[in-house]
Amino acid sequence: MDPEKMLKPGDPGTVQATIRKAMPVGYWVTMPSGREAFLPAQDLGFLGGLEKLRKIFQPGQEVTVRVATRGSSGREVLSLKKPDPNKPDPPPKPLRKEFEGGRRPRSSRYS
C-alpha cells in the first residue's frame, strides 16, 4: 500500500485502534471505546491470507484508522486509507431492528 495514501496519527477523523487478532480476511481490532471493529484485508490491497496478515500487523500493535462504514449489526468497518474525495464511503447501514434494544427478539417458532 502506498504510504502517502495511509492515515497518520492526528489526521482528522482518525483514532488509534489496537490489533486484537488476525483472521483470513482481515483483523479484529479494539477501538478506544473498548468495542471491537473489523479491518478488512481488502483495505490493504489484497483479499487476505492468514500468514500474510500475520506478517503485516501483530496483536497489540496500534494502527491509525477511521470508520469507513458500519455493518448491519452495528459493528464498525475500518479503513487505513485516507478518504478519496472523488469516491466517498457508502453511508452507514442502519442497525437491524433486532439489535436496537441490545438483544434479539424471541422466536415464536415453539409458541
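The values are calculated or read from the model by the stated rules, or taken from the named source; none is laboratory data. What you are looking at is a predicted structure, and each value in this text was computed from that prediction instead of being measured. FYI the Cβ positions are ideal-geometry reconstructions off the backbone, even for glycines, and counts take in every protein chain you see. Only protein heavy atoms, including side chains, enter the accessible area calculation; ligands, DNA and RNA are left aside. Shrake-Rupley method; radii C 1.70, N 1.55, O 1.52, S 1.80 Å.
If PHE38 satisfies every condition in (1) in contact (Cβ under 8 Å) with a residue 40 or more places away in the chain; (2) assigned to a helix (DSSP H, G or I) but one, which is the exception?
(2)
Would you be able to say whether some residue in region 85-105 is at pLDDT below 90, part of a strand (DSSP E or B) and of a type outside the set (S, T, N, Q)?
Initially, region 85-105 is screened for residues at pLDDT below 90, giving 85-105.
Then drop every residue that is not part of a strand (DSSP E or B), which leaves 87.
From the residues that got through so far, the ones that are of a type outside the set (S, T, N, Q) too are 87.
Checked region 85-105: at least one residue is at pLDDT below 90, part of a strand (DSSP E or B) and of a type outside the set (S, T, N, Q).
Could you count how many residues in region 1-48 are among the acidic types (Asp, Glu) and modelled with pLDDT under 90?
The qualifying residues number 3.
Go through (1) on the phi > 0 side of the Ramachandran plot; (2) surrounded by 14 or more Cβ atoms within 10 Å (Cβ to Cβ) for VAL67 and report which single condition fails.
Looking at each condition in turn, VAL67 falls short on (1).
Looking at region 11-27, which of its residues are of a type in the set (D, E, K, R) and either within 13 Å of GLU62 (Cα to Cα) or open to solvent by 60 Å² or more (accessible area, probe 1.4 Å) (or both)?
ARG20, LYS21
Which residues, taken from region 28-54, are surrounded by 15 or more Cβ atoms within 10 Å (Cβ to Cβ) and either of a type in the set (A, V, I, L, M, F, W, C) or closer than 12 Å to SER79 by Cβ (or both)? Step through it out loud before you land on a result.
Taking region 28-54 and keeping what is surrounded by 15 or more Cβ atoms within 10 Å (Cβ to Cβ), we get 28-31, 37-41, 43-44, 48, 53.
Hits for region 28-54 are TRP28, VAL29, MET31, ALA37, PHE38, LEU39, PRO40, ALA41, ASP43, LEU44, LEU53.
For region 15-33, state whether one or more residues are assigned to a helix (DSSP H, G or I) and either in contact with a helix residue (DSSP H, G or I) (Cβ under 8 Å, 6 or more places away or on another chain) or touching a residue at least 12 places away in the same chain (Cβ under 8 Å) (or both).
Within region 15-33, none of the residues are assigned to a helix (DSSP H, G or I) and either in contact with a helix residue (DSSP H, G or I) (Cβ under 8 Å, 6 or more places away or on another chain) or touching a residue at least 12 places away in the same chain (Cβ under 8 Å) (or both).
Please go through region 70-83 and pick out each residue that is open to solvent by less than 70 Å² (accessible area, probe 1.4 Å), in a loop (DSSP other than H, G, I, E, B) and either closer than 20 Å to ALA22 by Cβ or not small (Gly, Ala, Ser) (or both).
Matches in region 70-83: GLY71, LEU80.
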